[in-house]
Every structure is written in C-alpha cells, then in structure tokens.
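Okay, structure first, notes after.
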Amino acid sequence: MAAHAGEKARETGDFRCENCHEQTHVTAGDTIPKCPNCGNDTFDTRYHEPGNKS
C-alpha cells in the first residue's frame, strides 16, 4: 500500500521512495516527509517493521 508525504505513519518502519528507492525511517504517529534524496512524495512498501517479512 502506498504512503504519501504529509500523512501520519500508522506504523514504524522504513518507507521506500517509489521514484529513487531511497529508504526513510519514520516512527508511528510522525508525519511522513518527502524523500530527502529526490523530493518525491510517494512511498511504497514499509520495510523492517514488526510483522512485515519484507
């Protein structure tokens, strides 16, 4: 499920930019930032979070 900059993260994890694949760590409840590498605002699967086997 895609996540977008400006949304609140529902779970803690690493969000991977759909454009450049840079990973950004976001804590649950924090606002998802734009990608610090390319400025894109859409992220795909979260990695390294409890319950996610990715």
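FYI, it's all coordinate maths here, none of it is from the lab. Everything numeric here is computed off the predicted structure, so don't read it as measured data. A quick note on method: Cβ atoms are made from the backbone with ideal geometry, for glycine too, and the neighbour counts reach across all protein chains shown.
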### Query
Points 7 angstrom from Cα along the Cβ direction at residue 25 and residue 37: gap in nanometres?
1.6
### Query
Remind me, what semi-axes does segment 2-48 give for its equivalent ellipsoid, largest first in whole Å, using sqrt of 5 times each Cα gyration tensor eigenvalue?
15, 11, 8
